[in-house]
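**Student:** Supplied in structure tokens, the structure appears directly below.
The values are calculated or read from the model by the stated rules, or taken from the named source; none is laboratory data. Keep in mind that what you see is a predicted model, and the values were worked out from it rather than measured. Positions of Cβ are backbone-derived with ideal geometry, glycine not excepted, and every protein chain shown enters the neighbour counts.
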Amino acid sequence: MTTLLYFSEPGRLTYDGRVTAKGVDAVGPWIATAATIFYPKGGGQPADNGSIGDINVIDVKQDRECGFVKHYLAHMLSIDIGDMVDMRVCATSRTLHSRWHSAGHLIAAIIEREYSDLKATGAHQYPGEGRVEFSTNADAAIAASSVVNASLEAAILASLAIRIHRHPDGSRYVQIDGHVPVGCGGTHVTNTSELTGLTVTKIGQKGSTLRVSYTMT
């Protein structure tokens, strides 16, 4: 089982990890460490970029069968189980992914608060591909992009804190000030002021699903 350090130390971008497993699969060569600072792809958020030793990390995935977080490398390091390796997350990509992830949460929080018939059911928070989906019904009031964007601008100008909470049972929640906490395992910025340039570009409905697309500058 890999300890997820980004849960407890989200600002930590360097770490000396102890190798606990290594291998090659259909994706490529990988190693696992006892603990990791790398966020694995999932929950609508892309994996962190970075390096282990002097080798680029090209993907990060959580293998739920064995409990490992697999760090896929451009090519395999010359290492043995038990060796220590220098792990470095790219600060630029971490910030980018965190901004897009927090942006999706802010959109969901505002729409759920202002339109009680809409409930967020999923999101895809990849840079350039941002969208949040809501369950709805044919009679629900549908949010207009201009109205949502006005609320987003107000929330960004208000510099609302974005906090991570850990419950005793191990569950993890993100909460934007003034909104209810939501279960989340991803990375986030710490304040809505870091989400400048967030704009809803399209709102469309198909059946019982409302999709809100967004971009950021």
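**Student:** Name the single residue, out of those in region 47-62 being assigned to a loop (DSSP other than H, G, I, E, B) and without any contact (Cβ under 8 Å) to a residue 24 or more places away in the chain, that is nearest to LEU4 (Cα to Cα).
**Tutor:** Result: ALA47.
**Student:** Shifting gears a bit: Could you pull out the residue among GLU133, GLU153 that is in contact with a Gly (Cβ under 6 Å, 6 or more places away or on another chain), at pLDDT 90 or above and surrounded by 13 or more Cβ atoms within 10 Å (Cβ to Cβ)?
**Tutor:** GLU133
**Student:** Considering (1) out of contact with any Phe, Trp or Tyr (no Cβ under 7 Å at 6 or more places or on another chain); (2) not in a loop (DSSP other than H, G, I, E, B), say which one SER78 fails and leave the rest.
**Tutor:** (2)
**Student:** Let me confirm something: among GLU65, GLU133, GLU129, which residue is of a type outside the set (Phe, Trp, Tyr) and assigned by TED's automatic domain parsing to the domain that holds THR20?
**Tutor:** Values: GLU133 fails: assigned by TED's automatic domain parsing to the domain that holds THR20; GLU129 fails: assigned by TED's automatic domain parsing to the domain that holds THR20.
Checking each option against the conditions leaves just GLU65.
**Student:** Condition (residue is in contact (Cβ under 8 Å) with a residue 60 or more places away in the chain and touching a His at 6+ places or on another chain (Cβ under 9 Å)) applied to region 137-155: is it met by at least one residue?
**Tutor:** No, region 137-155 has no match at all.
**Student:** Hey, can you tell me all the residues within region 36-46 that are under 19 Å from GLY128 (Cβ atoms), in contact with a helix residue (DSSP H, G or I) (Cβ under 9 Å, 6 or more places away or on another chain) and part of a strand (DSSP E or B)?
**Tutor:** Just the residues of region 36-46 that are under 19 Å from GLY128 (Cβ atoms), to begin with: 39, 41-46.
Then keep just the ones that are in contact with a helix residue (DSSP H, G or I) (Cβ under 9 Å, 6 or more places away or on another chain); that gives 39, 43-46.
Passing the criteria: only GLN45.
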